[in-house]
1. Using a ≥ b ≥ c from the Cα gyration tensor of segment 134-220 (square roots of the eigenvalues), is it rounded, prolate or oblate, where a/c under 1.5 gives rounded and otherwise the larger of a/b and b/c decides, a/b for prolate?
2. Could you calculate the FRET efficiency of Asp233 with Arg128 from 1/(1 + (r/R0)^6), where r is the beta carbon distance between them and R0 is 22 Å, rounded to 0.05?
3. Using only Cα atoms and rounding to the nearest 10 degrees, what angle (0 to 90) does helix 6-33 make with the longest principal axis of the chain?
4. Tell me, what is the 1.4 Å probe accessible area of His191, in Å² to the nearest 10?
5. Quick one: 3J(HN,Hα) in Hz for segment 226-231, Karplus 6.51/-1.76/1.60 with θ = phi - 60°, rounded, Gly and Pro as x.
6. Work from the charge dipole of the chain (Cβ charges, +1 for Lys and Arg, -1 for Asp and Glu, about the Cα centre) and give the residue of Val50, Gly238, Ile110 farthest towards its positive end.
7. Near the amide H of Ala194, under 5 Å away, which other amide H atoms are found, from residues 5 or more places off or on another chain, if H is placed in the peptide plane?
8. If you rank Ile83, Ile12, Ile219 by how much accessible surface each has, with a 1.4 Å probe, what is the order from largest down?
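The values are calculated or read from the model by the stated rules, or taken from the named source; none is laboratory data. Quantities reported herein were computed from a predicted structural model and do not represent experimental measurements. Backbone-built Cβ (ideal geometry, glycine too); neighbour counts: all protein chains shown. Side chains are part of the model used for accessible areas, which takes the heavy atoms of the whole protein and leaves out ligands, DNA and RNA. Shrake-Rupley method; radii C 1.70, N 1.55, O 1.52, S 1.80 Å.
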Amino acid sequence: MKHYPLWLVTLILIVFVSVEFSFFVANAVKIVKRLFFLVFEFGLIFTMYVWYRARKITNRFLKFVNMREYITLLDDLSKDTSIPKFATHAIYLTKANNAFQVEERIIYSIFSHKPKRADIYWFVHVERTDEPYTMEYTVDELKKDKIIRVEFRLGFRVQPRINLMMRKVLKEMVMNNEMDITSPYPSLSKHNLAADFIFVILETFLSTDNEFEVGEGFILNSYFFLKHLSLSDDRSFGLDTSETRTEKIPMVVAPFTKMDLKRTHFKIHEQ
């Protein structure tokens, strides 16, 4: 373009290629010696990317419902003695920021996935603050002595020991005559024994009913594989395993719709 002589362009190109190739050879030796660190760095970047992309996909299918629409239903379920009692106090961890909202999958777990009758339903939410050592909580009773939401505001350096924190919340509510945690069973209540509490952890898994595109399927399968290797929710929230029930909920992101299944025979055989 500049109409420089070809011999001059060739000479400059040879000099630049020689210098760049020398740098490449020198750095290649260092890369071979640091191969472990290189693999670790790529693995870390890959993990962060998969986690970020998968959370974006899964959050699209995280649905919240209005708790006001289920207060009467929860009250009726609690009073239905024909259903075996699941626990005196059933505690669910929720991601909903709104006090009157809860995940749709929690409602599914309570009513549809083996109905869980309890005397009192608790919904616990953990909010992280920018201050490192914040430790606060609020209590909202959506229905007196029946549906209660507890929100913990914890600093980013505070370990969420939800099991111990809930005990403190209950102790203060008892001291303030806001709650009676004595067992409802006569044989236990006459000895002033405390009622039973069960934390319910909802763990999603990738359903086989999905039909993914190649990229999205790779991201989600990698995400759930990494999640399986990571710290479980009950341990990360400091829950006592003897008081925790883990329930698996299938996650359907891209449902399989086309199925060319035809019936070829139907016959009633008389007895």
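1. Prolate shape, in that a/c is at least 1.5 and a/b is the bigger ratio.
2. With R0 = 22 Å, the Cβ-Cβ based efficiency is 0.90.
3. Value to nearest ten degrees: 40.
4. 120 Å²
5. The phi angles translate into 5, 5, 5, 7, 7, 5 Hz.
6. Highest projection toward the positive end goes to Val50.
7. Amide H to amide H, under 5 Å and 5 or more residues apart or across chains, Ala194 pairs with Ser183.
8. Ile12, Ile83, Ile219
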